[in-house]
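**Q** I am attaching a structure below and will ask some questions about it afterwards.
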Amino acid sequence: MTVMEQRGAYRPTPPPAWQPRTDPAPLLPDAEPYRVLGTDAAAKADPELLRRLYTELVKGRRYNAQATALTKQGRLAVYPSSTGQEACEVAAALVLAEQDWLFPSYRDTLAVVARGVDPVEALTLLRGDWHTGYDPREHRVAPLSTPLATQLPHAVGLAHAARLKGDDVVALAMVGDGGTSEGDFHEALNFAAVWQAPVVFLVQNNGFAISVPLAKQTAAPSLAHKAVGYGMPGRLVDGNDAAAVHEVLADAVRRARAGGGPTLVEAITYRVEAHTNADDATRYRVDAEVETWKRHDPIALLEQELTARGVLDEAAVESARQDAETLAASLRARMNQDPALDPMDLFAHVYAEPTPQLLEQREQLRAELAAGAAPEGAQ
């Protein structure tokens, strides 16, 4: 018998009294994504909340379209559109209390804006001006994270620290399906579960990690099933059903706030646009697939529900569209203004106490700028 055969034959016998630390059954997600719109549960949903969700979805769709247009005009270096995913974006922002923190990925600009960040400041990173254009502490929104999943351990650390201090804070961390293949995802979920940190992980499963389909990333029944291995509940929700996403996230936030620990939520959605304006999505997916998902549009689903219930009329629809156009016009006008950039800002916010080398470089640049500004012929 070979060594490998011997190893394969070895089966340790657990002690007679051994029991799983946690019953896995309550942690398992539903077999099908949870839905509200078009079901009996819709009648119980708060009409005012649904109207607000609708207004924010319409504004978000227009924001995505305007930001994409700005890339074509050279006003933005890049824009990862969340068109088709607006229900996840808006619900994530609206479900949080003022003292809570949002940890977005690079595609979650819309969630950042819905959380209250200035629309232009939210685009500063993608414009190439600053690493982040807003004050994270003011808005309780972490910087948009371009590296995949690195924001997740940060969310766990902040939430764990807040709990140790006795602060009533929940962190909601957003990530795409591609980010679940990163080591940071594993580390964040593992530490969150061990420490019982008040964190909610929202995975927007839009089908592709750039051009890689989910089937080539994982063999798990769903990404929500991964929660069980870490000892936390997994929830599976229709990511285009704004009411369902909000309800599931609200339950997870309440659980975290009450000391119940973290939850992993997988929202099944779809990226209608390309990965970014630099991507050619036709190379890895067919138009028929996109058209199928367009028939499950989050705005149309919510509009149909509200119209059928008599809580949304043509005037309200037109009002939402006008608000969206006002937002787009303001964004367009402000982004068409060239930013006032100060080269000396290169040395700001690098170290709390600048190093001697940094001070020397700063003075050298200051002198060069002063010399360049001197009148022609001046010494």
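The values are calculated or read from the model by the stated rules, or taken from the named source; none is laboratory data. Just so it is clear, the structure is predicted and the values come from calculations on it, not from any experiment. All Cβ positions, even for glycine, are placed from backbone atoms using ideal geometry, and neighbour counts span all protein chains on display.
**Q** Does residue 254 satisfy being within 21 Å of the chain's Cα centre (by Cα) and farther than 30 Å from residue 120 by Cβ?
**A** Numbers: within 21 Å of the chain's Cα centre (by Cα): yes; farther than 30 Å from residue 120 by Cβ: yes.
When the stated conditions are applied, residue 254 passes them.
**Q** While we're on this one: Return the total of residues in segment 300-327 being of a type in the set (A, V, I, L, M) and surrounded by fewer than 19 Cβ atoms within 10 Å (Cβ to Cβ). Steps first, answer last, please.
**A** Quick first cut of segment 300-327, residues of a type in the set (A, V, I, L, M) only: 300-302, 306, 308, 311-312, 315-317, 320, 324, 327.
Of the ones still in play, those that are also surrounded by fewer than 19 Cβ atoms within 10 Å (Cβ to Cβ) are 300, 308, 311, 315-317, 327.
Number satisfying all stated conditions: 7.
**Q** Any chance segment 76-94 includes a residue that's buried (at least 18 other Cβ atoms within 10 Å of the Cβ), modelled with pLDDT under 95 and assigned by TED's automatic domain parsing to the domain that holds residue 209?
**A** Yes, segment 76-94 has at least one match.
**Q** If you don't mind, there's one more thing I want to ask. I'd like to verify a number: residues in segment 147-173 that are under 14 Å from the mean Cα position of the chain (by Cα) and aliphatic (A, V, I, L, M), how many?
**A** 7
**Q** Determine, yes or no, whether residue 259 is at pLDDT below 95, more than 21 Å from residue 87 (Cβ to Cβ) and not in a helix (DSSP H, G or I).
**A** Values: at pLDDT below 95: no; more than 21 Å from residue 87 (Cβ to Cβ): yes; not in a helix (DSSP H, G or I): yes.
The answer is no for residue 259.
**Q** Next question, about the same structure. Can you give me the ranges of the helices (runs of 4 or more DSSP H) entirely in segment 99-188 with at least 1 residues that are of a type in the set (Lys, Arg)? Working first, answer last.
**A** Working: elements: 109-114, 124-127, 136-139, 151-165.
Here the list reads 124-127, 136-139, 151-165.
**Q** Among the residues of segment 352-372, which ones are outside any helix (DSSP H, G or I) and either exposed (fewer than 10 other Cβ atoms within 10 Å of the Cβ) or of a type in the set (S, T, N, Q) (or both)?
**A** 352, 353, 355, listed by residue number.
**Q** Among all residue pairs at least 6 apart or on different chains, which show Cβ distances below 6 Å where the first residue, located in segment 31-44, is touching a residue at least 24 places away in the same chain (Cβ under 8 Å) and the second is acidic (Asp, Glu) and not in a loop (DSSP other than H, G, I, E, B)?
**A** 33/238; 35/238; 37/305; 42/305
A quick yes/no check of all residues on (1) surrounded by fewer than 20 Cβ atoms within 10 Å (Cβ to Cβ); (2) in contact (Cβ under 8 Å) with a residue 12 or more places away in the chain:
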residue	(1), (2)
220	yes, no
225	yes, yes
231	yes, yes
235	no, yes
244	no, yes
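**Q** Could you check segment 104-146 and list, in sequence order, the residues that are over 15 Å from the mean Cα position of the chain (by Cα) and among the β-branched types (Val, Ile, Thr)?
**A** Hits for segment 104-146 are 120, 124, 132.
**Q** In addition: What number of residues within segment 116-127 are within 23 Å of residue 178 (Cβ to Cβ) and either surrounded by fewer than 24 Cβ atoms within 10 Å (Cβ to Cβ) or hydroxyl-bearing (Ser, Thr, Tyr) (or both)?
**A** Within segment 116-127, the subset within 23 Å of residue 178 (Cβ to Cβ) is 122-123, 125-126.
Pick out the ones that are also either surrounded by fewer than 24 Cβ atoms within 10 Å (Cβ to Cβ) or hydroxyl-bearing (Ser, Thr, Tyr) (or both) and you get 125-126.
Number of matching residues: 2.
**Q** Can you find a residue in segment 328-347 that is acidic (Asp, Glu), outside the structural domain of residue 131 (by TED's automatic domain parsing), farther than 29 Å from residue 76 by Cα and more than 28 Å from the chain's Cα centre (by Cα)?
**A** No: segment 328-347 contains no residue that is acidic (Asp, Glu), outside the structural domain of residue 131 (by TED's automatic domain parsing), farther than 29 Å from residue 76 by Cα and more than 28 Å from the chain's Cα centre (by Cα).
**Q** So which pairs qualify, if the first residue must be in segment 252-267 and without any contact (Cβ under 8 Å) to a residue 24 or more places away in the chain, the second must be part of a strand (DSSP E or B) and of a type in the set (Ser, Thr, Tyr), the Cβ gap must be under 7 Å, and the two must be at least 6 apart or on different chains?
**A** As it stands, the answer is 255/263, since those pairs meet every condition given.
**Q** Kindly evaluate residue 56 against the criterion of being over 25 Å from residue 115 (Cβ atoms), at pLDDT 95 or above and among the acidic types (Asp, Glu).
**A** On the way: over 25 Å from residue 115 (Cβ atoms): no; at pLDDT 95 or above: yes; among the acidic types (Asp, Glu): yes.
So residue 56 fails the test.
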